[in-house]
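The values are calculated or read from the model by the stated rules, or taken from the named source; none is laboratory data. Nothing here was measured: the structure is a model prediction, and the numbers come from that model. Every residue, glycine as well, gets a Cβ built from its backbone with ideal geometry; the counts of neighbours run over all protein chains shown. Side chains included, ligands, DNA and RNA excluded: accessible areas come from the protein's heavy atoms. Shrake-Rupley method; radii C 1.70, N 1.55, O 1.52, S 1.80 Å.
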Amino acid sequence: MKILIIEDEPSLGRFLEKGLQQAGYSITLSKDGIEGQNLAASGNFDLILLDLMLPGMNGFDILSNLRAFSISTPVIICSALSSTEQVVQGLDMGAVDYIKKPFDWDELLARIRVIQKKITLQESSILTINDLSLDIIGRKVSRAGKEIKLTAKEFILLEYLARNVNRIVSKNQIMEHVWDLDFDPGSNLVEVHMYQLRKKIDKEFEYPLIETVIGLGYTLKGIKS
């Protein structure tokens, strides 16, 4: 899940960015209201964590503008403004949740998981390609009935391939969607993780699913059901 954090307090922003990345989420951090609104308006995110007291534009105005332009990305307000009136205003304007600062880390993760479950249930909680099965909510993988243990980053990489089954995805696309990094021609980050993933997904099975397309990228081949 790709999360946009709009938070101007530097230490809290870095804490959220690092913690959520370690939890397996793809993170973009903005410290300015106008920049944050422009990023949110792109529609490229699954969830927005929104502070209210921001430079450039306050969070209430950002939320109002997003909803006015029919951008329905779920928004969790994270703010020190904690009066009942402010909470009600945020929810009435279209936020799906409101968490008051300072907040408990485990509580924030739990609230994010609630949104994630709603999103995945709208699609499908299980992705199946041939004999490969991905449980998106449970974050479990099996092939031919055998459970496969993946790291958090390997799971995100495999999910990205599975959601683009039979399509070639480039190193650039993988870096952007899995690591949120611009393409570095000298980096072997993708190759290393893909090598480890293929050892786990393909090595002990009858036929390979993940293929290298020389000069173009990678593809997961199969029939999606």
If a residue must be free of Cβ contacts under 8 Å to residues at least 60 places away in the same chain, open to solvent by 50 Å² or more (accessible area, probe 1.4 Å) and part of a loop (DSSP other than H, G, I, E, B), how many such residues does the range 125-151 contain? 4
Give the range 208-225 a look and list any residue that's within 21 Å of R163 (Cβ to Cβ) and surrounded by fewer than 16 Cβ atoms within 10 Å (Cβ to Cβ), or say none. P208, E211, T212, V213, L216, K221, I223, K224, S225
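For (1) surrounded by fewer than 17 Cβ atoms within 10 Å (Cβ to Cβ); (2) touching a strand residue (DSSP E or B) at 6+ places or on another chain (Cβ under 7 Å); (3) modelled with pLDDT under 90; (4) over 21 Å from E147 (Cβ atoms), each residue gets a yes or a no:
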residue	(1), (2), (3), (4)
E159	no, yes, no, no
I168	yes, yes, no, yes
D182	yes, no, yes, yes
S187	yes, no, yes, yes
V192	yes, no, no, yes
Neighbours by Cβ (under 8 Å, 6+ apart or cross-chain): first from the range 28-53, closer than 18 Å to Y98 by Cβ and in contact (Cβ under 8 Å) with a residue 60 or more places away in the chain; second of a type in the set (D, E) and open to solvent by 20 Å² or more (accessible area, probe 1.4 Å): none
In the range 194-207, which residues are surrounded by 14 or more Cβ atoms within 10 Å (Cβ to Cβ) and part of a loop (DSSP other than H, G, I, E, B)? D202, F205
How about the range 54-86: which of its residues are small (G, A, S) and in contact (Cβ under 8 Å) with a residue 40 or more places away in the chain? G59
